[in-house]
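All remarks here apply to the structure that follows.
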Amino acid sequence: MHKFEGKILIEGKWQTPDSGETLPVVDPSDGCELGRIARGSAVDIDLAVKSAQNAMQGKWGEMIPVERGRLLQKLSSLISENEDELTEMEAHDVGKPLRQARVDVKACARYFEFYGGAADKVHGETIPYLEGYTVLTLREPHGVTGHIIPWNYPLQILGRTIGGALTMGNACVLKPGEEASQTALMVGELAIQAGFPPGVFNIVPGLGEEAGNALLNHSGINHFSFTGSPEVGTLVQQAAAKNAVPVTLELGGKSPQVVFADADLDKALPFLVNASIQNCGQTCSAASRVLVEHSIYEDVTARLAEKFCALQAGPAFSDLACGPLISPEQKVRLEKYLEEAKSDGLNFAAEGVIVADAPSGGNYVKPLLIRDVPPDHAVAQEELFGPVLAVMPFKDEEHAVELANGTPFGLVSGVWTQDGARQFRMAKKLKSGQVFINNYGAGGGVELPFGGVKLSGHGREKGFEALYGFSVTKTIAIHHGE
Ligand code: NAD
């Protein structure tokens, strides 16, 4: 049993939640209970926020950036040293195939490495002003930052949001997704070992409507970072408005990949498939739509169909193309979409298989390719959060832009073409936070600013740019005379 089982992390110590209650941790690969996490409440959130406020008044508030950076880098090393255990834990908790879970652990370590190195490199400015003045800016922490993250990429999202906030000297309170909190708690344990002062990094697991809601509405939070659904994102924004605090919203997507007739198809095809089924399609930046120029539409659709027929879904530890969906509820939600699509006459062009030895208690679905999807159909407009790829043809560049931008979301886009001028035109016209040309990163590396437009959210995490969001500018104007 882990020392964080059923516990919350406050003041650098594992503590029993006020309610004494716990929630089950269920393995999506077989439906078996793996352990228990604490069911945090408003009382626990209040203690966590107070602990973070105290940390800001103490040693952490005064620590010079290079020392903060060293602590982040120590945490990065500890995450790397525990890579195997974290990989297995994430695979059990999220149902993620082992290879994908390992990528997430490495990414989490990389966030703390990148941000640790950045801590002493964020500068203010000096600004030319009136005669007799010197004006300069400082970048200061907000204070206590609140972070709510989902279950689909716990390690990666923790790394990017907590990493950025700690780098700028904030103290954090994190509420991980109730379906998968274990690796976040394990990183909390490693943060204790790394030597972060008490109260700098607090974790209160629990339900969204309890612990999450209490965190949102706590008046002691000075900045909010939320990653999750647009519906809850709206609640976050409303709560933040009451307390007049800034928010970063990393919400959903319906990302397109646009394939022109001159594309290098051998290079593109693996990206078209993988970006739609990675993490069983439960990825905010999944490229769940492929738009293909009409002259190569039949060829591309046939080649995609061949690849989809070969895809296998099975337990995380079998390390196949797809694991299970996170929960029975998510499976029911997806099946409802697919039943409606079928009754609307949509063309199910190809499907993969669920391996014969997949446990009956797992939430398995077959990877699915749907062709000729009408652009206004729910399958082309909404986040299905399953391994389903919608393919549709376009006439010309203008039509491609219209279709690509024609959803409420704007997170990531991909473009496949050899024409250099078209690459730039498309990159400028696509309304999304990231555009990948002749590759697709599903969010890309740690160094690349990430975030959405429209219903995909606002603000940026990842890269250096996140550090401006996790800090506030103070302008100092000194009148010293001639
Ligand atoms: P969700 O919004 O239901 O839950 C996300 C988090 O919010 C969880 O921790 C949950 O407990 C909490 N929450 C739920 N209700 C709440 C409430 N009333 N008050 C406060 N907190 C509450 O989302 P989900 O189903 O866990 O995750 C899937 C969604 O997340 C998808 O829309 C996906 O696109 C999005 N997502 C976005 C990104 C990104 O970086 N843009 C990354 C991953 C996932």
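Quick one: Cα centre-to-centre distance for the range 196-234 and the range 147-172, in angstrom?
Each part's Cα centre sits 11 Å from the other's.
Order these peptides, 44-51, 366-373, 276-283, by their mean beta-carbon neighbour count within 10 angstrom, highest first. Could you put the intermediate results ahead of the total?
Numbers: 44-51: 24.0, 366-373: 22.2, 276-283: 25.5.
Going by the mean number of other Cβ atoms within 10 Å, highest first, we get 276-283, 44-51, 366-373.
Between helix 182-194 and the chain, what is the angle of the helix's C-alpha long axis to the longest principal axis, kept within 0 to 90° and rounded to the nearest 10?
Once rounded, the angle reads 30 degrees.
Keeping all protein chains in place, calculate the accessible area per residue for the chain (probe 1.4 angstrom), answer in Å². Walk me through the intermediate numbers first.
On the way: 18890 Å² over 482 residues.
Computed with neighbouring chains in place, this is 39 Å² per residue.
Strictly over 22 Å apart at the Cα level, which of Lys267/Lys454; Lys175/Lys331; Lys428/Lys454; Lys254/Lys462; Lys7/Lys50; Lys13/Lys474 would you flag in this model? Before the final figure, lay out the partial values.
On the way: Lys267/Lys454 30 Å; Lys175/Lys331 24 Å; Lys428/Lys454 16 Å; Lys254/Lys462 20 Å; Lys7/Lys50 18 Å; Lys13/Lys474 34 Å.
Over 22 Å apart, Cα to Cα: Lys267/Lys454; Lys175/Lys331; Lys13/Lys474.
Summing +1 for each Lys or Arg and -1 for each Asp or Glu, what net charge is found among the other residues whose Cβ lies under 10 Å from the Cβ of Gly206? Working shown, then result.
Numbers: positive: Arg39, Lys175; negative: Glu21, Asp44, Glu178, Glu209, Glu210.
Surrounding charge for Gly206 is -3.
Along the positive direction of the dipole of the range 316-389 (beta-carbon charges: Lys, Arg +1; Asp, Glu -1; about the Cα centre), which of Asn363, Ser318, Gly345 reaches farthest?
Value computed over the given set: Ser318.
Ignoring everything except DSSP H segments at least 4 long, calculate the 222 nm mean residue ellipticity for the chain; use -39,500 (n - 2.57) per segment, divide by total residues, nearest 500.
-11500 deg cm²/dmol
Nearest 10 degrees, 0 to 90: what angle lies between the long axis of helix 297-309 and the longest principal axis of the chain (Cα atoms)?
70
What is the packing order of peptides 98-109, 337-348, 163-174, 147-158, taking the mean over residues of other C-beta atoms within 10 Å and listing the highest first?
On the way: 98-109: 21.4, 337-348: 13.9, 163-174: 27.9, 147-158: 26.0.
The most tightly packed comes first, giving 163-174, 147-158, 98-109, 337-348.
Using a 1.4 angstrom probe on heavy atoms only, work out the carbon and sulfur share of the accessible area of the range 302-373 in %.
Values: 1700 of 3440 Å².
Heavy-atom surface of the range 302-373 belonging to carbon and sulfur, 1.4 Å probe: 49 percent.
Write down the percent of antiparallel bridges among all DSSP beta bridges whose residues are both part of the chain, to the nearest 5. Please report the intermediate quantities before stating the final value.
Numbers: 27 of 65 bridges.
If I count the DSSP bridges inside the chain, around 40 percent turn out antiparallel.
When you count, for each residue, the other Cβ atoms within 10 Å and take the mean per peptide, how do 355-361, 65-71 rank with the highest first? Show your work: numbers first, answer last.
Numbers: 355-361: 12.0, 65-71: 17.3.
My ranking of the peptides, most packed first, is 65-71, 355-361.
Report the one residue of Gly253, His223, Gly195 whose Cα lies farthest in the direction of the positive end of the charge dipole of the range 179-284 (charges on C-beta: Lys and Arg +1, Asp and Glu -1; origin at the Cα centre).
His223
For the range 256-445, give the magnitude of the charge dipole about the Cα centre (Cβ charges: +1 Lys/Arg, -1 Asp/Glu; no others), in debye to the nearest 20. Write out the running numbers ahead of the final one.
Working: 16 positive and 24 negative charges, 83 e Å.
Using Cβ point charges on Lys, Arg, Asp and Glu, the range 256-445 gives about 400 debye.
Count charges around Gln418 for me, please; just the other residues with Cβ under 12 Å from its Cβ, Lys/Arg as +1, Asp/Glu as -1.
Numbers: positive: Lys267, Arg422; negative: Asp262, Asp264, Asp419.
After counting each charged neighbour, the total is -1.
According to the square roots a ≥ b ≥ c of the eigenvalues of the Cα gyration tensor, what is the shape class of the chain, taking rounded for a/c under 1.5, prolate for a/b larger than b/c otherwise, and oblate for the remainder? If you can, show how the numbers build up before the last one.
Values: a/c = 2.07, a/b = 1.32, b/c = 1.57.
Oblate shape, in that a/c is at least 1.5 and b/c is the bigger or equal ratio.
The values are calculated or read from the model by the stated rules, or taken from the named source; none is laboratory data. No experiment lies behind these values; they were computed from the predicted model shown. Please note: Cβ atoms are built from the backbone with ideal geometry, for glycine as well, and neighbour counts cover all protein chains shown. Note: accessible area is taken over every heavy atom of the protein model, side chains too, but ligands, DNA and RNA are not part of it. Shrake-Rupley method; radii C 1.70, N 1.55, O 1.52, S 1.80 Å.
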